[in-house]
Amino acid sequence: MTRTTHYNTWTKRNTQEELQKLAENIFQHGTITEVVHHGYSTNRNTGAGGEMEHILDGGLCYLLEGLKGTNTRYWIHMRGCRVTEIIEELKY
């Protein structure tokens, strides 16, 4: 069974300070297993029917495993140095 919790400023009404502190704690005690750069694809600069190009938009998502012995994973979404969302997945 899996429980997923979203921490962000738009649905859970977490403050930016709460997100930053939670992310700092997760980074301190967790292990980064993957980093994904956010982006999108467009053919705006190549004209109609042109080749699609991938544009990185400055966002990152860190996938972290929780402390050893726990079955917790975290996805920390960031824009620059600002945390935009933390997703916690707990398997039990």
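Values as computed for the structure displayed
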| quantity | calculated |
| --- | --- |
| Identified option (computed semi-axes √(5λ) of the Cα gyration tensor in Å; candidates [x] 24, 16, 11; [y] 30, 15, 12; [z] 18, 15, 12) | [y] |
| Residue order, fewest to most beta carbons within 10 Å, for His38, His29, His54 | His54, His29, His38 |
| Partner aspartates and glutamates for Lys68 [C-alpha distance under 19 Å; skip if fewer than 8 residues away on the same chain] | Glu24, Glu34, Glu88, Glu89 |
| Fewest-first ranking of Cys61, Cys81, using other Cβ atoms within 10 Å as the exposure measure | Cys81, Cys61 |
| Angle in degrees between helix 16-29 and the longest Cα principal axis of the chain, rounded to the nearest 10 | 70 |
| Nonlocal amide H pairs with Glu85, under 5 Å, H built at 1.01 Å | His77 |
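FYI, it's all coordinate maths here, none of it is from the lab. These figures come from a predicted structure and were not determined experimentally. Because the Cβ atoms are built from the backbone with ideal geometry, glycine has one as well, and the counts that use them run over all protein chains shown.
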